[in-house]
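Input: a single structure, listed below in structure tokens.
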Amino acid sequence: MSRRTVDEITGGRRMRRNRGADWTRRLVQENSLTVNDLIWPIFLIPGSNRSEDIEAMPGVQRVTPDLAVRQAEKAAKLGIPAIATFPNIEIDLRDDTGSHVLATDNLINQTTRLIKQEIPEIGVITDVALDPFTSHGHDGILRDGIIVNDETVAQLAEAAVLQAEAGADIIAPSDMMDGRIGAIRDALDGSGFSHVGIMSYATKYASSFYGPYREAIGTQGLLKGDKRTYYIDPANTDEAVRDAALDVEEGADMLMVKPGLPYLDIIWRLKETFAMPTFAYQVSGEYSMIKAADHNGWIDGERAMLESLLAFKRAGCDGILTYFAAEAAQILSQR
């Protein structure tokens, strides 16, 4: 009995023709990663000319505001469009309501002013969530064991105006309180900051991948209970789309999915549904896993890093918040 040839089986269609040479692979490449896709998260500590290694995040440091300016300068030279700042404040400044978020000279606002004075061309994205400021590690105000939504939203809106006054270009609320996007938009517009954008953490999941981040901002060990009453259940997709739809209605300019790689399907759904600028946060756990596997020689760390970042682009992302930003930008600039 005769066997069919490969051409008979495929009808003469040979997919490998486009894969045979470097130039054809480049010519038909569907997605690409550039430095324009990167946002660099930076961790802050008080003081001057001081840095601290973050044990769970090899290669990442907390830095004082003056050194954050130098990191912003590095980002600008590499062509990274924006940085995002996250503070680790003194424990005695934290309380049940996160009131220090309303200090005009808190660590976030100090740093924003310094960066904008020296590196005005870099975008500065600030988060108004309360978890770095609360004594209990939650993203909102705690009353009788409950995170109170509306009181938290009012405080977030006030804090957003202070961050805009300090020079923030984009406010990125990560708290997942109901109604906070509309309240922040109203507060910004009412205070003369209609030009300041909002990048909503539209779908933030109750994920296990945040552990190293909590070490970085000093909330590890502080958290009482968990965040499942306001973060999204990892099992849910339709809920994530409904949540994002509300943020779009309330005035979000950009949407973010957090974490990143475990939720590529959510990125795809949001981009397809809303056709809006869509971002992912490649969170600390994702970063640390790649770094740890590379350190142990189990994977090629550089290739895994770039492959993971490209996955976000393939899923529909317009940009990625990643601790790999500076490292990736240096590699991309040499290609």
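The values are calculated or read from the model by the stated rules, or taken from the named source; none is laboratory data. Being a predicted model, the structure only gives us computed values, none of them experimental. Because the Cβ atoms are built from the backbone with ideal geometry, glycine has one as well, and the counts that use them run over all protein chains shown.
Only one residue in Ala202, Ala168 is outside any helix (DSSP H, G or I), touching a strand residue (DSSP E or B) at 6+ places or on another chain (Cβ under 9 Å) and under 25 Å from Asn236 (Cα atoms), so which one is that?
Checking each option against the conditions leaves just Ala202.
Considering Asp243, Asp253, Asp265, Asp226, which residue is at pLDDT below 95 and out of contact with any Phe, Trp or Tyr (no Cβ under 9 Å at 6 or more places or on another chain)? Walk me through how you get there before you give the answer.
Numbers: Asp243 fails: at pLDDT below 95; Asp253 fails: at pLDDT below 95; Asp265 fails: at pLDDT below 95.
Testing whether each residue is at pLDDT below 95 and out of contact with any Phe, Trp or Tyr (no Cβ under 9 Å at 6 or more places or on another chain) leaves just Asp226.
Okay, residues lined up against (1) in a loop (DSSP other than H, G, I, E, B); (2) surrounded by fewer than 18 Cβ atoms within 10 Å (Cβ to Cβ); (3) free of Cβ contacts under 8 Å to residues at least 40 places away in the same chain; (4) in contact with a Ser or Thr (Cβ under 7 Å, 6 or more places away or on another chain):
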{"residue": "Val257", "(1), (2), (3), (4)": "no, no, no, yes"}
{"residue": "Ile266", "(1), (2), (3), (4)": "no, no, no, yes"}
{"residue": "Arg269", "(1), (2), (3), (4)": "no, no, yes, yes"}
{"residue": "Gly297", "(1), (2), (3), (4)": "yes, yes, yes, no"}
{"residue": "Ala311", "(1), (2), (3), (4)": "no, no, no, no"}
{"residue": "Leu321", "(1), (2), (3), (4)": "no, no, no, no"}
{"residue": "Ala329", "(1), (2), (3), (4)": "no, no, no, no"}
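Would you please list the contacts, defined by Cβ atoms under 8 Å and residues six or more apart or on different chains, that run from a residue in segment 76-99 that is under 11 Å from Ala326 (Cα atoms) and β-branched (Val, Ile, Thr) to a residue that is at pLDDT below 95 and surrounded by fewer than 20 Cβ atoms within 10 Å (Cβ to Cβ)?
none
Of Val124, Val153, which residue is surrounded by 20 or more Cβ atoms within 10 Å (Cβ to Cβ), among the β-branched types (Val, Ile, Thr), part of a strand (DSSP E or B) and free of Cβ contacts under 8 Å to residues at least 60 places away in the same chain?
Going through Val124, Val153 in turn, the sole match is Val124.
Being part of a helix (DSSP H, G or I), at pLDDT 95 or above, on the phi < 0 side of the Ramachandran plot and touching a strand residue (DSSP E or B) at 6+ places or on another chain (Cβ under 9 Å), is that true of even one residue in segment 132-147?
Within segment 132-147, none of the residues are part of a helix (DSSP H, G or I), at pLDDT 95 or above, on the phi < 0 side of the Ramachandran plot and touching a strand residue (DSSP E or B) at 6+ places or on another chain (Cβ under 9 Å).
Working carefully through the options Ile89, Ile125, Ile83, find the one that is within 22 Å of Ile184 (Cβ to Cβ) and at pLDDT below 95.
So the residue among Ile89, Ile125, Ile83 that is within 22 Å of Ile184 (Cβ to Cβ) and at pLDDT below 95 is Ile89.
Output the residues belonging to segment 271-295 that are under 26 Å from Val60 (Cβ atoms) and either part of a helix (DSSP H, G or I) or at pLDDT below 95 (or both).
Ser284, Gly285, Glu286, Tyr287, Ser288, Met289, Ile290, Lys291, Ala292, Ala293, Asp294, His295
Can you name the residue in segment 13-50 that is assigned to a strand (DSSP E or B) and touching a Leu at 6+ places or on another chain (Cβ under 6 Å) and is also surrounded by the fewest Cβ atoms within 10 Å (Cβ to Cβ) among such residues?
Applying the first criterion (assigned to a strand (DSSP E or B)) to segment 13-50 yields 38-44.
With the extra rule that they be touching a Leu at 6+ places or on another chain (Cβ under 6 Å), the set shrinks to 39, 41, 44.
Values: Ile39: 24, Pro41: 22, Leu44: 24.
Of everything passing the filter in segment 13-50, Pro41 is surrounded by the fewest Cβ atoms within 10 Å (Cβ to Cβ).
Can you find, within segment 156-185, the residue that is surrounded by the fewest Cβ atoms within 10 Å (Cβ to Cβ) among those that are over 21 Å from the mean Cα position of the chain (by Cα) and more than 20 Å from Leu93 (Cα to Cα)?
In this case the residue turns out to be Glu165.
Residues to consider are Val153, Val128, Val196; find the one that is out of contact with any strand residue (DSSP E or B) (no Cβ under 9 Å at 6 or more places or on another chain) and aliphatic (A, V, I, L, M).
Val153
List pairs: first residue in segment 35-57 and among the basic types (Lys, Arg), second residue surrounded by 14 or more Cβ atoms within 10 Å (Cβ to Cβ) and part of a strand (DSSP E or B) anywhere in the structure, Cβ distance under 8 angstrom, at least six positions apart or on different chains.
Arg50/Val63
Please state which one of Asp66, Asp7 is without any contact (Cβ under 8 Å) to a residue 60 or more places away in the chain, closer than 26 Å to Leu93 by Cα and out of contact with any His (no Cβ under 7 Å at 6 or more places or on another chain).
Criteria check complete, one pass: Asp66.
Quick one: which of Ala56, Ala75 is assigned to a helix (DSSP H, G or I), surrounded by 14 or more Cβ atoms within 10 Å (Cβ to Cβ) and either hydrophobic (A, V, I, L, M, F, W, C) or out of contact with any helix residue (DSSP H, G or I) (no Cβ under 6 Å at 6 or more places or on another chain) (or both)? I'd like the intermediate steps shown before the answer.
Values: Ala56 fails: assigned to a helix (DSSP H, G or I).
Unique residue meeting the criteria: Ala75.
Would you call Asp189 acidic (Asp, Glu) and either assigned to a loop (DSSP other than H, G, I, E, B) or in contact with a helix residue (DSSP H, G or I) (Cβ under 6 Å, 6 or more places away or on another chain) (or both)?
Details: acidic (Asp, Glu): yes; either assigned to a loop (DSSP other than H, G, I, E, B) or in contact with a helix residue (DSSP H, G or I) (Cβ under 6 Å, 6 or more places away or on another chain) (or both): no.
The answer is no for Asp189.
Among the residues in segment 225-245, are any within 17 Å of the chain's Cα centre (by Cα), assigned to a helix (DSSP H, G or I), crowded, with 22+ Cβ neighbours inside 10 Å and touching a residue at least 60 places away in the same chain (Cβ under 8 Å)?
Within segment 225-245 (the criterion being within 17 Å of the chain's Cα centre (by Cα), assigned to a helix (DSSP H, G or I), crowded, with 22+ Cβ neighbours inside 10 Å and touching a residue at least 60 places away in the same chain (Cβ under 8 Å)), the answer is no, since none of the residues qualifies.
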